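The values are calculated or read from the model by the stated rules, or taken from the named source; none is laboratory data. Computed from a predicted structure; not experimentally measured. A quick note on method: Cβ atoms are made from the backbone with ideal geometry, for glycine too, and the neighbour counts reach across all protein chains shown. Only protein heavy atoms, including side chains, enter the accessible area calculation; ligands, DNA and RNA are left aside. Shrake-Rupley method; radii C 1.70, N 1.55, O 1.52, S 1.80 Å.
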Amino acid sequence: MKTLVITSHPYPDQSRVIKALQDAAVTLPEVTLRNLESLYGQNLGGFDLAAEQKAYEAAERIVFLFPIHWFNLTPMLKAYLNEVWTYGWAFGPQGQALQGKSMQVVVSTGATAHTFSHQGLVQSTIEEVLTPMKATALYVGMNYLPPLVFHEVVGASPQQVEGFQQQLTEMLVA
Ligand SMILES: Cc1cc2nc3c(=O)[nH]c(=O)nc-3n(C[C@H](O)[C@H](O)[C@H](O)COP(=O)(O)O)c2cc1C
């Protein structure tokens, strides 16, 4: 399936897991990858609107790949949605560019799966933490696919990171 992967990490030099996942994704034939910080640094208002919107034309599935920082999107990813998913393009009377496409979120977390449970410290599942992405997808007429989540990744062994890459690859080639 033709897939557009939008990656964001505010501290690219410190990234291990998201970088490894990005490296795995970019090798796949049906994947086009855009890394927001590589393209725009930390410039929250610097997006090339035409190029960003054009990237969706051929894509059937949009994957957002980022680390969970303070139970949220990265700053550049939030800014990207604000700037690129415009009225008249993503929503509004003529805004149908994303309708019928699928959205899938891929995230890494430092905390354990138990922390992300109703019994755990944050009393919320990762699916609940990602509610803004689900609502965003449904609002613009996309199908929201279950997220792919890598928990407890800090200090993961090279073999574990390879396993994460394998899981992402399997998802992307399906
Ligand atoms: C500023 C900051 C905030 C973080 N907040 C969270 C958090 O809210 N929940 C969580 O589970 N992990 C949190 N973490 C851990 C990151 O999710 C983890 O370091 C990241 O997923 C690892 O991917 P990377 O190697 O690409 O950076 C945080 C890390 C940083 C640096």
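Other residues whose C-beta falls under 13 angstrom from the C-beta of Q22 contribute a net charge of +1, scoring Lys and Arg +1 and Asp and Glu -1. In terms of its alpha-carbon gyration tensor, segment 71-128 comes out prolate; a/c meets the 1.5 threshold, and the first ratio a/b outweighs b/c. A Förster distance of 45 Å, applied to the separation of the beta-carbon atoms of Q94 and V154, puts the FRET efficiency at 0.50.
Report, to the nearest 10°, how far helix 17-26 tilts away from the longest principal axis of the Cα atoms in the chain, using its own Cα long axis and a range of 0 to 90°. The two axes meet at around 50 degrees.
If the segment from Q167 to L81 were pulled out straight at 0.36 nm per residue, it would be longer than the present Cα-Cα gap by 28.3 nm. Does anyone have the angle between helix 158-173 and the longest principal axis of the chain? Alpha-carbon axes, 0 to 90°, nearest 10? Its long axis makes an angle of about 30 degrees. A simple count of charges around A51, restricted to other residues whose Cβ falls under 13 Å of its Cβ and scoring Lys, Arg +1 and Asp, Glu -1, yields -2.
Counting only protein chains, not ligands or nucleic acids, how are D13, D48 ordered by accessible area (probe 1.4 Å), most first? Intermediate results must be reported in sequence, preceding the final value.
Numbers: D13 155, D48 75 Å².
My answer, sorted largest first, is D13, D48.
Under the shape rule built on the C-alpha gyration tensor, where the axes satisfy a ≥ b ≥ c, the chain is prolate, since a/c reaches at least 1.5 and a/b is greater than b/c. Taking Lys and Arg as +1 and Asp and Glu as -1, the other residues whose beta-carbon sits under 14 Å from that of Y11 total 0. Positive-end ranking of Q119, V153, Q99 along the dipole of the chain, with charges on Cβ about the Cα centre, is headed by Q99.
Sites listed here are chymotrypsin sites (Phe, Trp or Tyr not before Pro) in segment 15-118 whose DSSP assignment is loop and whose Cβ has at most 12 other Cβ atoms within 10 Å: W70.
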